[in-house]
Structure formats: structure tokens, C-alpha cells
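Readers should treat all values here as calculations from the given coordinates under stated rules, not as data from a laboratory. Being a predicted model, the structure only gives us computed values, none of them experimental. Note that we place each Cβ from the backbone using ideal geometry, even for glycine, and neighbour counts take in every protein chain shown.
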């Protein structure tokens with residue numbers, strides 16, 4: 001639970017993390033994700049080839065399906081899948097992941113005072129971390145960041161989070177192929193982005209972030225977060241404006257005590273509403289007479305990035321605060337839970353296992369030698385068996401070919417006998433001649449040949465004269481002895497009226513050849 005490194009930690013803060021040492025081309029790709037109870041609001045920060053500034057694209061996805069807790073295996077699987085889909089869609093796989101935790105998963109405490117007071121309060125806060133039951137059961141983790149105001153005063157921020165939540169975030173980032181680079185609170189990141197907006201008042205003011213079902217409220221002054229305000233008990237979204245008015249005097253006294261003076265005025269109220277925030281709640285804040293309400297959006301925050309106009313409405317102040325921390329080396333220190341995650345990283349198991357497995361490795365080496373000798377003899381036996389199997393296959397193939405040869409010889413004898421009984425000439429020549437006599441507008445529907453002595457023809461023609469031309473041409477053909485037009489008839493076809501006919505042609509020459517069993 002400590003926010004300080006243990007004495008036996010070998011890696012110092014100045015040394016690079018193991019994951020970062022593996023990032024080569026991924027340094028110009030950053031994914032900033034705001035983790036809500038059921039949604040992920042994200043922004044990608046990428047530098048295109050030849051571009052002087054980074055391109056910032058925003059989006060929103062649902063990561064939770066149904067009533068699933070983040071601390072279950074199903075919750076881990078759903079969060080990993082959502083991060084993986086975002087990384088694949090925007091091609092940031094292998095890049096840095098900057099996580100922003102909403103008030104449902106963390107709590108921010110502010111300590112402001114002398115150096116000793118801040119140090120003492122942070123130590124006591126670490127001891128009381130288990131009392132934050134709203135973050136869930138189990139041990140809690142506390143990390144802090146201190147800003148030196150002058151020689152005697154400090155401004156400290158402490159972030160409290162459930163260790164089970166950190167384990168889930170680390171596992172999900174690893175499963176999605178992303179390198180976790182920072183884990184901070186949404187309100188801290190929003191204050192960082194709002195401090196860049198020109199024209200901010202010098203006196204303390206209220207900052208409100210409205211989501212679909214969540215609200216983040218803070219008191220800020222000159223770039224410092226003075227209070228992370230969380231109403232106790234179950235509060236409905238439409239009750240938050242009136243509740244803020246009821247607690248205004250308490251907030252003024254607290255802000256004045258943090259600054260070491262009288263109660264602050266807190267007349268200024270800056271509202272940042274997400275695109276899915278309820279319009280009634282946003283309108284209720286705008287109608288509060290106790291405040292001078294100002295709506296702020298992503299376009300009001302100056303930066304070195306280029307905001308994608310197609311997704312600008314989805315960009316949040318928290319995402320821009322993460323981009324500022326990524327791009328500006330002079331940004332104020334922030335409580336980062338990644339520090340605690342790295343402290344809990346265990347030593348790699350490979351060296352330990354290698355030392356413990358040395359005796360077993362010797363035994364396995366001896367067994368491997370014996371196994372190699374046995375494998376050699378087994379290979380020789382397999383080769384001999386393969387030769388025997390090869391010969392058996394060849395013998396089976398030879399028997400098969402011999403049986404096929406016997407069958408083929410028997411078929412050949414039968415075919416020779418049939419060939420001797422066939423006539424010397426067939427009706428192919430007659431059929432060819434019948435086809436040559438056809439005029440262009442005449443066609444045959446049926447041709448029937450009986451014993452090579454006669455041919456019966458059935459056909460049709462669009463022109464009746466074509467039928468008689470066809471009969472005349474058949475009569476003039478030398479092989480045909482007699483041509484008889486037996487009948488004509490009128491019929492209809494899809495192309496129009498036609499004249500059908502029946503013709504019988506006598507083949508005396510072919511009939512003689514068939515009776516003699518040879519050529520004519």
C-alpha cells in the first residue's frame with residue numbers, strides 16, 4: 001500500500017521500465033482511456049509521417065455487457081476485448097496506454113500546508129486506506145505526488161485505489177497488447193486541461209464534469225486541485241445541482257482553509273458535459289443563480305495537437321489532460337498508480353526456475369541420451385519395416401494389374417466377335433447426306449433408321465416451299481432410291497406458324513450392303 005519504494009527494490013525511478021524498453025516504433029502512438037462504470041471514453045494521440053504535430057482522435061465504446069463486476073473474470077475479459085478493439089481500430093497496438101479512473105474506482109485526497117504537515121498527513125492517509133470501503137473490499141493502494149509551493153509549504157495529492165482494480169487494469173492492458181504508461185484520476189487530468197484555458201479566474205472556482213450516469217466535482221485554484229467532492233450516499237443525477245447549492249457554504253469554508261484564508265467565494269462554475277450527459281441535468285446547472293456558469297469543451301483547451309474535427313464532440317477534458325501530460329515535460333507531477341503496479345511486479349521466474357531445475361536437468365539429459373540410442377534402433381527397424389511394406393504394396397499392385405489384363409483380354413475377344421457380325425458400312429454416310437440436303441429454313445425433329453434400308457424423317461419449315469425443295473434434293477441424291485413425302489401439316493411454334501412433314505427415304509444401296517455383310 002505504500003507510495004514509496006521498498007528498500008530492497010533494485011530498480012530505481014530513473015531506470016526505464018521493462019515494457020518501455022520493448023517499445024520501439026510505438027513511442028508515437030498513445031491511447032488515453034477514461035474508465036467509467038460501463039463506458040470507455042478514449043482519445044488516440046498519433047504522429048503521422050511527415051506531420052509536425054500529433055493528431056488527436058476521440059471516441060466512446062461500451063466495455064461492460066450486463067451487470068458484470070470489473071473484479072470478475074468476465075469483467076476482465078470484457079475490458080480487455082474493448083481495449084483490444086480500440087487498439088485495432090486506430091492501429092495503436094503496442095503503444096502506450098494512459099488510464100484515467102473515474103470516481104467509481106478511485107478517490108483523490110488533497111493535503112496543503114507546511115512540509116511536515118503534508119508528510120505526516122500522507123503517512124496517516126496510507127494507514128487509513130482500508131477505511132475507504134466505497135472502493136470495494138480488500139487492500140487499498142495509495143500513491144502521492146507533492147508540489148513545492150515555496151520553501152515551507154507543499155501541495156500534496158494522494159490517490160487511493162483498490163489493489164484488485166489495479167490488478168485488473170494491468171492484466172487487461174497486457175491482454176490488449178498495450179504498454180501501461182500512467183494510471184491517474186479523471187478529476188486530476190481535467191484540472192490539468194482546464195488550467196490551460198485562457199481567462200481563468202485567480203480565485204477558487206468549481207469544476208463539474210457531467211457524464212451519462214456519473215458526475216465529477218472539484219474545487220480548483222490557479223492550476224491546483226483543492227478538493228475532490230463526493231456526496232455521501234446514493235445521489236441521483238438530477239439531484240446533484242441542488243445538492244451542490246446546499247453544500248456550497250461547506251465547500252467555501254474548505255477552500256478557504258486550504259488556502260489559509262477566509263471562506264472562498266466560489267462564484268465561478270465551469271461545467272464540462274459529455275455528449276451523452278442528460279440535457280435536463282446540464283440545463284439545471286446552467287440555471288443556478290448562485291454561480292456564474294461557463295460551459296467548457298475540448299475546443300477551448302489550447303494544445304500542440306490537431307483535434308480531429310469528425311470526433312471533436314467526443315473529446316473530453318480528461319483526455320486532453322492526459323495528452324498534456326504526455327506531450328509536455330513541464331506538467332505538474334500527478335499521483336500515478338503505475339508506480340505501485342511496478343512495485344508489485346515480481347522478479348521473473350525464469351532465473352529461479354533455472355536454478356531449481358539444474359539437478360533435474362542432469363537426469364533429463366541422461367534420459368535424453370538413452371532415448372536417442374533407442375530412437376536410432378527404432379529408426380532402423382522402421383526403415384526395414386518400410387521396405388517390407390513397400391514390397392507388399394508392389395506385390396498387391398502386380399496382382400491387380402494381372403487381373404485387369406485377364407479381364408481386358410476377355411473383353412477384346414468379345415469385341416472382335418461383335419465386329420465380325422457388323423456390316424462393312426454404317427449409316428453415317430446416309431445421315432451426313434441427309435443433313436447436306438437440308439435447305440436453310442428446314443430442320444429435322446426426328447430421324448429413324450431401320451436396318452440400313454430406310455430412313456424416316458420428321459421435321460418442319462417456316463416456308464411450305466422449303467419442304468418440297470428438301471424432298472426434291474433427296475430425290476436427286478444418288479444413294480437414295482426412293483423418296484416419299486407421306487404427310488404435311490400446319491403447326492404453330494414460338495417463332496410463328498410452321499409446316500411439318502413426314503418423309504421416308506429408301507436406301508437400296510445400303511440395304512444391299514447390309515444383306516451381304518460387307519461394303520456395297
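Provide 32, 111 in ascending order of the number of other Cβ atoms located within 10 Å of each residue's Cβ, fewest first.
On the way: 32 29, 111 20.
So the ranking, lowest neighbour count to highest, is 111, 32.
Taking Cα atoms, how many degrees apart are the long axis of helix 248-259 and the longest axis of the chain, rounded to 10 and kept between 0 and 90?
70
Compute the angle between helix 464-476 and the longest alpha-carbon principal axis of the chain, please, reported from 0 to 90 degrees and rounded to the nearest 10.
50
No solvent, one uniform scatterer per C-alpha: report log10 I(q)/I(0) for region 428-516 via the Debye equation at q = 0.16, 0.17 1/Å, two decimals.
At q = 0.16, 0.17 Å⁻¹ the computed log10 ratios are -0.59, -0.66.
In which sequence would 89, 147 go, from the one with the fewest C-beta neighbours within 10 Å to the one with the most?
On the way: 89 12, 147 16.
Fewest-to-most Cβ neighbours within 10 Å comes out as 89, 147.
Work the Kirkwood hydrodynamic radius out for region 88-209: mean of 1/r over every pair of different alpha-carbon atoms, inverted, in Å. Walk me through the numbers on the way to the answer.
Details: mean 1/r = 0.0607 Å⁻¹.
It is 16.5 Å.
Between the helical axis of 73-90 and the dominant principal axis of the chain, each derived from Cα atoms, what acute angle in degrees is found, rounded to the nearest 10?
Helix 73-90 and the main axis of the chain meet at about 70 degrees.
Over region 198-295, what is the mean sequence separation of C-alpha contacts under 8 Å (at least six apart), divided by residue count, expressed as relative contact order in percent?
Values: 149 pairs, mean separation 31.9, N = 98.
Value for region 198-295: 33 percent.
Quick one: which of 124-132, 456-464, 92-100 comes out on top by average Cβ neighbours within 10 Å, and what's the full order, highest first?
Taking the mean over residues of other Cβ atoms within 10 Å, the ranking is 92-100, 456-464, 124-132.
Restricted to Cα positions, what overall size does the chain have along the principal axes? Three whole-Å values, descending.
In descending order, the Cα extents are 137, 80, 47 Å.
Which whole-number percentage describes the relative contact order of the chain, with Cα contacts under 8 Å and a sequence gap of 6 or more? Each step should come with its number before you reach the end.
Numbers: 827 pairs, mean separation 64.8, N = 520.
Once normalised by length, the contact order is 12 percent.
Give me the tail of P(r) for region 198-295 as a percent: Cα-Cα pairs with distance above 15 Å. Each step should come with its number before you reach the end.
On the way: 2766 of 4753 pairs.
In whole percent, the share of Cα-Cα pairs in region 198-295 beyond 15 Å is 58.
Determine the equivalent ellipsoid of region 289-405 by diagonalising the alpha-carbon gyration tensor, then write out the semi-axes as square roots of 5 times the eigenvalues, largest first, rounded to whole Å. Walk me through the numbers on the way to the answer.
Numbers: eigenvalues 1133, 219, 24 Å².
Taking √(5λ) for each Cα gyration eigenvalue gives 75, 33, 11 Å.
Sequence gap at least 6, Cα distance under 8 Å: using those rules, report the relative contact order of region 428-516 to the nearest whole percent. Display every interim value, and only then the final one.
Values: 157 pairs, mean separation 26.9, N = 89.
Relative contact order here is 30 percent.
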